[in-house]
């Protein structure tokens, strides 16, 4: 199996001080530049249980995503994060005896779909409208505070694994955001906890801060109780005002609830957005280091709608980052739901704005990634082109397996966290135990990369300055730095160099040596399919789906021109709707119709690396575990302006029909989306001897023919659902910034 292994400015003076010794130093002997040691660890922060609209209990989900035997994709860290608002099911009840624990035992007839009323009793449901005389739903704040957090602390102790609670907020003015506040969660004292042999478990930590945020700012929470027992002042008595802001004088302020409750109707989205900006100010005021706010599948609901609660335009992302740059530092432009009939649940005509049908932004995904990041020069590059700390993340959005049960390896809807996509983040915890705060710090740093299908499991992206004479660096020297980092699953700590999420400060005229080292892990990935990849068969490549091979890596560069001013012509703009973007044949009009606010026309692929051709990579044996790494480098000539570089890579070569264009860019996923079978184009023709029927549960990994659940048109099976996802794999890195002194400052990275 393909098992994954477990910001600084760079002073110009430091580079000069190296002098002639630069050439004689090896990566293992360079003096440390002051970073706390760390390593890349993989995780997921967006997924669901029966507490919201998921299909399984918290215990079962944690087992599925942390186990390394029955489900070998076990993650290094995990955030359980269901929807905000409310729910009626008790997700802390387990499915069967295999999940039973002394403090959370299995009770026959009382599984995770049992309602709160039928498990804890209506009288114990707090807040307005849920308990006695209400609808039986529990507000998420109570669920997090009193039930979900204690279960996670219990499991964190029992499994000795880093777990914490987050939330997929239902966003005022928009759709959804992955977020958390880790204040109070998983204190060091739990390391000495002895779990009870029977009876209830008393958590040492708490998720009170997250619970309060849920009450105060989640659009789905219309409770006015202030987090109290219904009709009383017994409880939390929360106040949601932001000191120094105008919360309490805002027309949306509700004095009884002590929070903003924007009115519906005309202007709903605009008022909602203002509430969300207040939410970010609150996080920055009270929990500046312990929180994150990452818009999820942000293209899915369409563009922003001033009279409703839909999507995000580029100006909203700027507003978030301006209000709380240490909290709102990225997005999930690679959505979950990768096996859905419409990949990522992005689709044409997805929503109705007033009387108008509106698509997901971009109409669909592109190689499984939304248009904001999947198109070079788009929204992400626009934000990076300002020099913002705005990073790329991916997550599973796990709910269920669609037409299959949760234990089946096949899917027509979702993949488990870690099974298909994961974010690997540099966590600097030194010799300390991995804890929530260190994970949040890692996410904030931007030193992270995201990948699907275990295409790669190690990555080092290093940019180093090279000056004429004593300050010269060879490509080989920088490659050696990257090899050492990748081999040790860490990053570089060499003066005059920087990696993902960092900036390198150089004098005008410096050459920049960019080195990349990756590991394309040997063996099989976590796909249950062993038959040849149908997408590659179109171009004569016979490669098993579960043994993907990295085909090429693109080095992408964009120029930095500084922050854009709110209210200016290039600050706000909606991505063009499909009459001006996505043609009926799946091609696009390119960036010509994209407003200036949402694009960076300087962004481009400046080098493509592969196994052959003009710029091939070189295979290197690690010398540690005999892993084979791929190393490559590119020298950017004398720089005169601030810029950034980032990476993407795929298992697909250029010009794969209905998958990639002649330049290797991902095409629209319309042709593998089963929700419109008239557009399906890639046949799946392999007939195998082990192709289980759709009924029953398949738990193996050796389906050797096109599966029975693929759509059939004219007697032919076509690529869709999970087969489409496993066939089309990509990874994305976060950028390295280069700031040239005397030119534009990369203000978002310190």
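The values are calculated or read from the model by the stated rules, or taken from the named source; none is laboratory data. Nothing here was measured: the structure is a model prediction, and the numbers come from that model. When we count neighbours, we look across all protein chains shown, and the Cβ atoms used for this are built from the backbone with ideal geometry, even at glycine.
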Considering every residue within the range 44-60, establish whether at least one is surrounded by fewer than 24 Cβ atoms within 10 Å (Cβ to Cβ), in a helix (DSSP H, G or I) and out of contact with any strand residue (DSSP E or B) (no Cβ under 6 Å at 6 or more places or on another chain). yes
Give the residues of the range 175-205 that are touching a helix residue (DSSP H, G or I) at 6+ places or on another chain (Cβ under 7 Å) and either more than 19 Å from residue 45 (Cα to Cα) or outside any loop (DSSP other than H, G, I, E, B) (or both), sorted by residue number. 180, 181, 190, 193, 195, 201, 203, 204, 205
Just for the range 88-123: of the residues that are in a helix (DSSP H, G or I) and farther than 22 Å from residue 197 by Cα, which one is nearest to the chain's Cα centre (by Cα)? 122
The range 254-270 residues that are outside the structural domain of residue 230 (by the TED database), paired with ones that are at pLDDT 95 or above (beta carbon under 6 Å, 6 or more apart): none
Quick one: in the range 615-637, of everything that is touching a helix residue (DSSP H, G or I) at 6+ places or on another chain (Cβ under 9 Å) and part of a strand (DSSP E or B), which residue is surrounded by the fewest Cβ atoms within 10 Å (Cβ to Cβ)? 618
Only residues in the range 375-397 that are at positive phi count as the first member; pair them with residues that are assigned to a strand (DSSP E or B) and buried (at least 24 other Cβ atoms within 10 Å of the Cβ), Cβ under 7 angstrom, at least 6 apart or cross-chain, and list the lot. 387/737; 397/47
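So that you can scan it fast, the table gives a plain yes or no per residue for (1) assigned to a strand (DSSP E or B); (2) buried (at least 19 other Cβ atoms within 10 Å of the Cβ); (3) in contact with a strand residue (DSSP E or B) (Cβ under 7 Å, 6 or more places away or on another chain):
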site: 561; (1), (2), (3): no, no, no
site: 579; (1), (2), (3): no, no, no
site: 606; (1), (2), (3): yes, no, yes
site: 613; (1), (2), (3): no, no, no
site: 639; (1), (2), (3): no, yes, yes
Could you pull out the residue among 90, 160, 86 that is surrounded by fewer than 17 Cβ atoms within 10 Å (Cβ to Cβ) and either assigned by the TED database to the domain that holds residue 49 or more than 26 Å from residue 279 (Cβ to Cβ) (or both)? 160
All but one of (1) in contact with a strand residue (DSSP E or B) (Cβ under 7 Å, 6 or more places away or on another chain); (2) surrounded by 21 or more Cβ atoms within 10 Å (Cβ to Cβ); (3) under 26 Å from residue 229 (Cβ atoms); (4) modelled with pLDDT of 95 or more hold for residue 247; state the number of the condition that does not hold. (4)
